[in-house]
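Visitor: Would you mind keeping the following structure in view while I ask a few things?
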Amino acid sequence: MNKKTLFFGVFCATSIFGFAQQQTDSTQVEQLNEVVITDSKFNLKRENSGKVITKITQEELQHLQGKTIAEIINATAGIEINGTKSNAGQNLAYYVRGGRNRQVLVLIDGIALTDPSQIANDYDLRLLNPDQVESIEILKGASSTLYGTGAATAVINIKLKKASKDAVSANFRSVFGTNQSHDDNNYAIEDFRNSVSVNGTIGEFNYLASFGNQFTDGLSAMEAGTESDAYNAINGNVKLGYTFSKQFKLNAYASFDKFKADFDDASTFSDANNHSTSKQYRVGIAPEFSYKKGSITLNAAYNDVERIVESSYPAEYYATSLVADLFNRYNFNDKFYTILGVNFQENDMESFVIPFGSTNLEQSIDPETATFNIVDPYANVVYVSDFGLNVNAGARLNNHSEYGSHLVYSLNPSYRKSFNFGYLKGMASYSTAYITPSLYQLFEPAYGNADLKPEENETIEVGIEAGIKDKATFSLVYFTRNETNFIDFVDMGNFVYQYDNVDEDFTASGLEFTANYSITNTLTLNANVTYTKVEDDLNLRIPELKGNARLDYKLSDATFLSLAYQYNDDRNDAYFNNTTFTTEDVTLKSYSLLDFYVSHTILENKLKLFANVNNIFNEDYQELFGYSTRGRNVNIGFNLSL
């Protein structure tokens, strides 16, 4: 039996079992009454949204303890985050709907986060501690009208925890476990994760302070490596809020995130004493003034990033970004919801490398030159009718200091019809997005190109969603995405390489199916399948077929069990051969993984014990050619609330 047959067998078996049990019980499915915000910036019922939005709630996050944010998001339909199953320090690559890192935008508490020092300008999810997160919303498709540059294939909106209503509350979490490859069966304790938070509300003032640490060792970055490569991360976060009146409140925050990752020589796939250190400092404010039918909100943040590489080719990168999003929400009459806003960004970067023929670090990118700003006015309107029609439409005028102006827009109608069994909803959307060239692509002395234009994406989606009363939701979405002005690293002739906009268009398309089904009042099935078709030029580490299924079982009020399955199809990869001096293509074989989670509450709302067994059958596979992959691993932990 091949892997695809096994995948379909497991998926169909769980689905058939669910339908066979449909009449045995009735329980409320939370997703039917969910409130989502990412597709409109309003708190609207899920039923009034024209998008299929994945929402990972705090309850679900509690059942995924011991996993990183990237691992949790990687189980979402349409998303492949490469690097989540490798050494803890492995760089992450985001392949959403056939796209790349630069086409995914990460928001934290509504603020766009990027790293201007990166070639792709992307945010590194390794910097985020999952213990600080309250919930995650994932909106796929082009969303630049609301969120600007980078929101081409997905917006990942991460909401951090708020202070409790008690005067003083505290939470402690500790996890320790193994970190070994398929060939290693020592089960040594090599993975340690700890976090603590103190929070509360005193009158109109609320506060939250948290600290986290992860240290992971025992696994080499390279598959052929014999020396382990450690990963060490620390996170600190402070949030303060004050409610001055019913109309005005102010929140402020500051965070510090740092990790150090050992890595090996990628050119020879062998051990090396290399280190990479990343530091992020972030401060921000979020005042909000409410009036009769609306509110005015300012989300502003300053981000400072440092990246230092210690290897045979050392380098240092420093970047800052200032983001301010000012918008007015206005609700005319519970049918018309409008957003009028303006977004401002300013980025700058500095880098130091060793030039050819030198032995000392020298400035490569000058921050006086490597800077740009963006000013984007935007508008969005949502219409919710009495007869089932909902329309979400918007436009944004991007004004960039380097390449001028660029217009993006979106139209997203949907229609919902109620029946005795539940409802059916049809959805369609046409939306455009843009990705600004990064500071590195514009201003790197040897390879940069100041004449670059923004990459453009347009996405068409057609889908249907069905809801069974108090029981289940199912959705099927078809998408097709077209890329133009693609920014690539091209051969200009005479051994000169430079970033440039290529003339060809590239297309990615596919189908996404999701199911959330309450089989009984104690047994729930969550499943998704994604089929992705991309052109050869985009086909790197993207599985044509990927599926996830998770069965959650509430054994008692105190005990929870979960069994999760993931299938990844064959993927194409490439590497540079130092012998032939050519790039060679390889095929990575498909694989299936089965994970188990159990938690038990000893003291209600106080003390919970939990354990994970990942890759139960110790599957031997490659996530990334030449790099190590985790085998069967176990972790256990506890969560204490005071």
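The values are calculated or read from the model by the stated rules, or taken from the named source; none is laboratory data. Everything numeric in this text was worked out from a predicted model, so none of it was measured. Note that we place each Cβ from the backbone using ideal geometry, even for glycine, and neighbour counts take in every protein chain shown. Heavy atoms of the whole protein, side chains included, go into the accessibility calculation; ligands, DNA and RNA do not. Shrake-Rupley method; radii C 1.70, N 1.55, O 1.52, S 1.80 Å.
Visitor: If I go through the range 490-522 residue by residue, how many of them are closer than 28 Å to GLU544 by Cα, modelled with pLDDT of 90 or more and in a strand (DSSP E or B)?
Guide: Residues flagged as closer than 28 Å to GLU544 by Cα, modelled with pLDDT of 90 or more and in a strand (DSSP E or B) within the range 490-522 amount to 13.
Visitor: For LEU555, state whether it is more than 14 Å from ASN74 (Cβ to Cβ), touching an Asp or Glu at 6+ places or on another chain (Cβ under 8 Å) and surrounded by fewer than 18 Cβ atoms within 10 Å (Cβ to Cβ).
Guide: Judged against the criteria, LEU555 is not a match.
Visitor: Which of (1) in a strand (DSSP E or B); (2) in contact with a Phe, Trp or Tyr (Cβ under 7 Å, 6 or more places away or on another chain); (3) open to solvent by less than 60 Å² (accessible area, probe 1.4 Å) does PHE215 not meet, given it meets every other one?
Guide: All conditions pass for PHE215, except number (3).
Visitor: When you scan the range 78-100, do you find a residue that is of a type in the set (Lys, Arg), modelled with pLDDT of 85 or more, touching a Lys or Arg at 6+ places or on another chain (Cβ under 8 Å) and closer than 22 Å to ARG550 by Cβ, even just one?
Guide: Yes, because at least one residue in the range 78-100 is of a type in the set (Lys, Arg), modelled with pLDDT of 85 or more, touching a Lys or Arg at 6+ places or on another chain (Cβ under 8 Å) and closer than 22 Å to ARG550 by Cβ.
Visitor: How about the range 120-174: which of its residues are assigned to a loop (DSSP other than H, G, I, E, B) and β-branched (Val, Ile, Thr)?
Guide: THR149, THR153, VAL168
Visitor: If you check ILE79, ILE72, which single one turns out to be buried (at least 24 other Cβ atoms within 10 Å of the Cβ), among the hydrophobic types (A, V, I, L, M, F, W, C) and out of contact with any Ser or Thr (no Cβ under 6 Å at 6 or more places or on another chain)?
Guide: Going through ILE79, ILE72 in turn, just one is buried (at least 24 other Cβ atoms within 10 Å of the Cβ), among the hydrophobic types (A, V, I, L, M, F, W, C) and out of contact with any Ser or Thr (no Cβ under 6 Å at 6 or more places or on another chain): ILE79.
Visitor: Name every residue in the range 390-421 that is touching a Lys or Arg at 6+ places or on another chain (Cβ under 8 Å), surrounded by 13 or more Cβ atoms within 10 Å (Cβ to Cβ) and without any contact (Cβ under 8 Å) to a residue 40 or more places away in the chain, in order of residue number.
Guide: TYR415 - this is the single residue of the range 390-421 that is touching a Lys or Arg at 6+ places or on another chain (Cβ under 8 Å), surrounded by 13 or more Cβ atoms within 10 Å (Cβ to Cβ) and without any contact (Cβ under 8 Å) to a residue 40 or more places away in the chain.
Visitor: Out of the residues in the range 593-620 that are hydroxyl-bearing (Ser, Thr, Tyr) and crowded, with 18+ Cβ neighbours inside 10 Å, which is nearest to LEU642 (Cα to Cα)?
Guide: SER599
Visitor: When you go through (1) open to solvent by 50 Å² or more (accessible area, probe 1.4 Å); (2) of a type outside the set (D, E, K, R); (3) in a strand (DSSP E or B); (4) in contact (Cβ under 8 Å) with a residue 24 or more places away in the chain one by one for ASN194, which number turns out not to apply?
Guide: Result: ASN194 fails condition (4) only.
Visitor: Another question about this same structure. State whether the residues of the range 523-544 include one that is within 30 Å of ILE468 (Cβ to Cβ), part of a loop (DSSP other than H, G, I, E, B) and more than 26 Å from the chain's Cα centre (by Cα).
Guide: no
Visitor: For TYR242, are the conditions met, namely being buried (at least 16 other Cβ atoms within 10 Å of the Cβ) and of a type outside the set (D, E, K, R)?
Guide: No.
Yes/no matrix, rows are residues, columns are (1) part of a strand (DSSP E or B); (2) open to solvent by 40 Å² or more (accessible area, probe 1.4 Å):
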{"position": "ALA300", "(1), (2)": "yes, no"}
{"position": "ASN303", "(1), (2)": "yes, no"}
{"position": "SER312", "(1), (2)": "no, yes"}
{"position": "LEU322", "(1), (2)": "yes, yes"}
{"position": "ASP325", "(1), (2)": "yes, no"}
{"position": "ARG329", "(1), (2)": "yes, yes"}
{"position": "ASP334", "(1), (2)": "no, yes"}
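Visitor: PRO355 is checked against (1) part of a strand (DSSP E or B); (2) surrounded by fewer than 16 Cβ atoms within 10 Å (Cβ to Cβ) and fails just one. What number does that condition carry?
Guide: The failed condition is (1).
Visitor: Give me the pairs: first residue in the range 438-455 and in contact (Cβ under 8 Å) with a residue 40 or more places away in the chain and open to solvent by 20 Å² or more (accessible area, probe 1.4 Å), second residue in a loop (DSSP other than H, G, I, E, B) and not acidic (Asp, Glu), beta-carbon distance under 6 Å, and six or more apart or on different chains, which are they?
Guide: TYR440/ILE119; PHE443/THR369; PHE443/ALA370; LYS453/TYR403; LYS453/ASN485
Visitor: Specify the residue that is surrounded by the fewest Cβ atoms within 10 Å (Cβ to Cβ); the eligible residues are those in the range 572-585 that are in contact with a Phe, Trp or Tyr (Cβ under 9 Å, 6 or more places away or on another chain) and touching a residue at least 24 places away in the same chain (Cβ under 8 Å).
Guide: If we take residues in the range 572-585 being in contact with a Phe, Trp or Tyr (Cβ under 9 Å, 6 or more places away or on another chain) and touching a residue at least 24 places away in the same chain (Cβ under 8 Å), then ALA574 is surrounded by the fewest Cβ atoms within 10 Å (Cβ to Cβ).
Visitor: Condition first: surrounded by 15 or more Cβ atoms within 10 Å (Cβ to Cβ), at pLDDT 95 or above, within 21 Å of the chain's Cα centre (by Cα) and under 30 Å from LEU439 (Cβ atoms). Can you find one or more residues in the range 460-480 that meet it?
Guide: Within the range 460-480, not a single residue is surrounded by 15 or more Cβ atoms within 10 Å (Cβ to Cβ), at pLDDT 95 or above, within 21 Å of the chain's Cα centre (by Cα) and under 30 Å from LEU439 (Cβ atoms).
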